[in-house]
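The values are calculated or read from the model by the stated rules, or taken from the named source; none is laboratory data. Since the model is a prediction, treat every value here as computed from it, not as a measurement. Here the Cβ is made from the backbone with ideal geometry for all residues, glycine too, and neighbour counts use every protein chain on show. Side chains included, ligands, DNA and RNA excluded: accessible areas come from the protein's heavy atoms. Shrake-Rupley method; radii C 1.70, N 1.55, O 1.52, S 1.80 Å.
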Amino acid sequence: MMNIRISVTIGLIVGAVGAFLASPAVHAQSVQSDAQSDTLQEVVVTAQRREEKMVDVPISIAAIDSQQLATANVQDLRDIQQLTTSVRFDNQAGFFQPTIRGIGTAVTTSGGGSNVGIYIDGFYSPNPVAGDFQLLDVAGIQVLKGPQGTLFGHNTTGGAILVTTADPSSDTHAQATVDYGSFNAQRYQGYATTGLGGGLAADIEGIFAKGNGFLTNIIDNNDHVDAYENWSVRTGLKWQITDGVSALLRYTHSRQDDPTSILTNSNTDTSINPTTGKPWGVETLQIPGLYTTNPNQVAVSLPTYVRSNTDIVQMTVKADVGFADLTSYSQWREEDTNQSEDLTQMGLPIFQLGLPIFDSTWSQEVLLTSKPGTPLQWTTGVYLFSNRDQYTTLLDQYEDLPLSAIPAAAQAFGPLPYIPYSNGRVPFGGSSTTTQSYAYYLDGTYELIPDKFYFTAGARLSHDIVDDAYWNSTYFRTRNYEPSISSNKVTPRAVFRYKPTDRSSVYASFSEGYKARIIDVGGSCQDPPAYKCNPIQPEDVYAYEVGYKFETEGFSTELAAFDYQYKNLQVSEFLGSALAYIVNAAESRIYGLEDEFHYNFENHLQVNGGVSWTHARYTTFGATANGILFGAPVYATCTGVNNPPDCVYDYVNTSQILHGAHMQHVPDYTANLGPRYTTGMTDTGEYSVSANAYFSSYYFNSPAGTQFRQPSYTTLALRTQWDDPSKKYFVALYGNNITNVRYRTQVQYNGFGIGASWDMPATWGIELGAKL
């Protein structure tokens, strides 16, 4: 940990000194647009870590601009699912789980991480608990589909999501919006920026959101059980040292209090439970009145919450060093999350799990990119990363009870050989890991035939370490340390690209991605009688893709066909005794077709849309670890279910090896269509109306892809807006999910019960905005 902190500091100093020394040779760069009133504006992306026209980048990219975000009523990151194909956002309790083209993860453990990298202004956000967040003054979002192991590193096996926000500006301006909608949902957002003289500019932005939520607790009839209150403040100071050297310092503080993701009801599933021959959902829960399968209801008897605090400090230094452009990214972030949830979904104080999580992250990256206009365009960089991920597992059914009352309350569950904390929370285990990664990468594109034929090749060498790993003994606070592990990985990339015309491209690519090794301190390391950690190897994806990109003045399209070989999937499984473990238990094959398109007709009608087919199947699901067969996690009702609470949970049948089963959270077909019509400016202002429809075919929420089926669904959002003639004020009316379609946002499975969370019902709102 100390070594990487020193490296981060050195990297920051080197970047800053390099920027100052380079100042005599710098000059400004600008990106030109050939957009006209009835043409599509040229899209510039940074998918290859440098600014390029999207039509020239041989990667499948969904580029979502600020207007698309606004007209589709996007407020949180997960909302972009409605605007692009082959992308899903699910949850496992408070853990955010993005999936792109079938590659995601259900692993929730210390050091586990996601398979999709989320980057904000070039900085990696590693914590899945903080993966979904409110969007702040976003200029655009790029969804890179397919492994990004060369330019973005480990844990980008599915792809990467790049969020870009606005820099502070010396051009003084401000804007604010106020929203009010169904369930007393309120959202207040403001942004202001100004120059301070001497090349300095500052900005500040804040978001505050609160609401009553849509759920009712059937235990006490509380219809505010999922009430939330979230806020974020972000400020920045930018110093334009010379025309080509700048330094941007940012600080962000966020606080969230939103229990929605862990409020589950009993999962309803029309598929058949193999041990009873009856449908899932109610069969495992036999006490009438203490559970519910209604999407608008939950049954909880103890306080349920997710509360988090996030602090982020970031420094970005950019400089023209003559032969190349240098960028230094330095980051420190700390995220503390406190959560408590009922694992039985029954409204009984049998097993209330507390799970405080403490994350601390340091990262440093120094990036060099070549100047445009030469036959060889290249990118190279060094990346250093450290993340401490600490879990504390607690029994919360005694929370806030006097310590003297806890033994009596626990008599039905056996003696207490442990000492509760002063707040009544009882230690039940825990784990921690520190993950470090050191990487060097080089990627270049050479123009073989001028303006026609190009070849791209690149590779990343990564050295990954997991150390300071420990797990806490159940009921005690004793730390049991595990040996450190390390590994080296090379992830290459190669692309051939041909340009039939200046506004079209055809490409064929190979790329590799991987998800790093982990130590299963949250699972098998703690499982009796062996207390032996399963060896968890890296996941690997070998991806082949061919694509065609084409744009005219009013139309653009991106077609792609892809084929992935995906092996050593890290799978989390649960046993009926509440034991959990992670193993490399699956291999899969994924292939498919997709198209993203944009259409603009005389600057009055714009249409954004896409369609995809993804065939994602486990070729084999089942493996042997430590001499034990671990089959696919097929859930079955335990015997004795007629006598709760002695047996109200499910267990994993580990004897089955599956072939050809659906991958988790992957619909075969997705599609979206987002038309927007505007009158253009008239004497009384501009009037617009927009819609966004999203379709998903059926998919399975179970990790084995055979259970907890979610039927196909289509959602529809609408918005109409008036802008005054000065374009300083607007009023909008909007509706989300106006057809009131209900689908599961998660199915939570564990050793005590199977629960479901649902999307919101139809909601309506009004938004007021002003620009100064």
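Please state, to two decimals, what the Cα-based radius of gyration of the range 36-106 comes to when divided by 2.2 N^0.38 Å (N = residues). Spell out each step's value before the answer.
On the way: Rg = 14.7 Å, N = 71, 2.2 N^0.38 = 11.1 Å.
Here the answer is 1.33, to two decimals.
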- What is the local net charge at GLY622, summed over the other residues whose Cβ is closer than 12 Å to its Cβ (Lys, Arg +1; Asp, Glu -1)? -2
- Message: Checking the cross-link filter: which aspartates and glutamates have an alpha carbon closer than 13 Å to that of LYS532, excluding same-chain neighbours under 8 positions apart?
- Response: GLU482, ASP520
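Over the chain, what relative contact order in percent results from Cα pairs under 8 Å that are six or more residues apart?
Details: 2306 pairs, mean separation 98.3, N = 772.
13 percent.
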- Evaluate the charge dipole of the chain about its Cα centre and quote only its size in Debye, nearest 20, assuming +1 on the Cβ of each Lys and Arg and -1 on the Cβ of each Asp and Glu. 1120
- Label-point separation, PHE496 to TYR188 (7 Å along Cα→Cβ), nm: 6.0
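What does the charge count around ASN155 come to, taking other residues whose C-beta lies under 12 Å from its C-beta (Lys +1, Arg +1, Asp -1, Glu -1)? Walk me through the numbers on the way to the answer.
Details: positive: LYS489, LYS515, ARG517; negative: ASP464, GLU539.
That works out to +1.
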- Task: Using only Cα atoms, tell me the angle between helix 2-21 and the longest principal axis of the chain; keep it within 0 to 90° and round to the nearest 10.
- Result: 10
- Describe numerically, in nm with one decimal, the distance between label points set 7 Å from Cα along Cα→Cβ at SER422 and at VAL313. 2.9
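FRET efficiency for LEU605 and PHE323, Cβ-Cβ distance as r, R0 = 45 Å, nearest 0.05?
0.45
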- Item | Between the range 315-340 and the range 675-704, the alpha-carbon center distance in angstrom | 34
- Given a 1.4 Å probe, how much area per residue of the chain is accessible, in Å²? 38
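How large is the Kirkwood hydrodynamic radius of the range 523-586, in angstrom, based on all distinct alpha carbon pairs?
Values: mean 1/r = 0.0652 Å⁻¹.
About 15.3 Å, per the Kirkwood formula over Cα pairs.
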- Taking a temperature of 4 °C and a viscosity of 1.567 mPa s, what whole-number D in µm²/s does Stokes-Einstein yield for the range 49-154 with Rh from Kirkwood over alpha carbon pairs? 88
- May I ask you to give the percent of accessible area on the chain that is carbon plus sulfur, with a probe radius of 1.4 Å? 59
- Taking a 32 Å limit on the Cα-Cα distance, which of the listed pairs LYS371/LYS567; LYS371/LYS489; LYS499/LYS567; LYS53/LYS771; LYS238/LYS727; LYS549/LYS728 fall beyond it? LYS371/LYS567; LYS499/LYS567; LYS549/LYS728
- Item | Net length gained if the chain between LYS728 and TYR542 were fully extended (0.36 nm per residue, minus Cα distance) | 62.0 nm
- Note on the structure: Rounded to one decimal in nm, the spacing of the 7 Å Cα→Cβ label points at ASP759 and VAL233 is 3.6
- Query: Cα gyration tensor of the range 338-392, axes a ≥ b ≥ c as square roots of the eigenvalues: rounded (a/c below 1.5), prolate (a/b > b/c) or oblate?
  - Reply: prolate
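Could you work out the local net charge near ASP527, counting Lys and Arg as +1, Asp and Glu as -1, over the other residues with Cβ closer than 12 Å to its Cβ? Before the final figure, lay out each step's value.
Values: positive: LYS532; negative: ASP520, GLU573.
Cβ neighbours under 12 Å give a net charge of -1.
Just the number: Rg to Rh for the range 707-772, Cα atoms, Kirkwood Rh, two decimals.
Details: Rg = 18.5 Å, Rh = 14.8 Å.
The Rg/Rh ratio comes out at 1.24.
P(r) tail for the chain, what percent of Cα pairs lie past 48 Å?
Details: 48702 of 297606 pairs.
When all Cα pairs of the chain are counted, 16 percent exceed 48 Å.
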- Query: When the helix-only estimate is applied to the chain (DSSP H runs of n ≥ 4, each -39,500 (n - 2.57), divided by the residue count), what is the mean residue ellipticity at 222 nm, nearest 500 deg cm²/dmol?
  - Reply: -1000 deg cm²/dmol
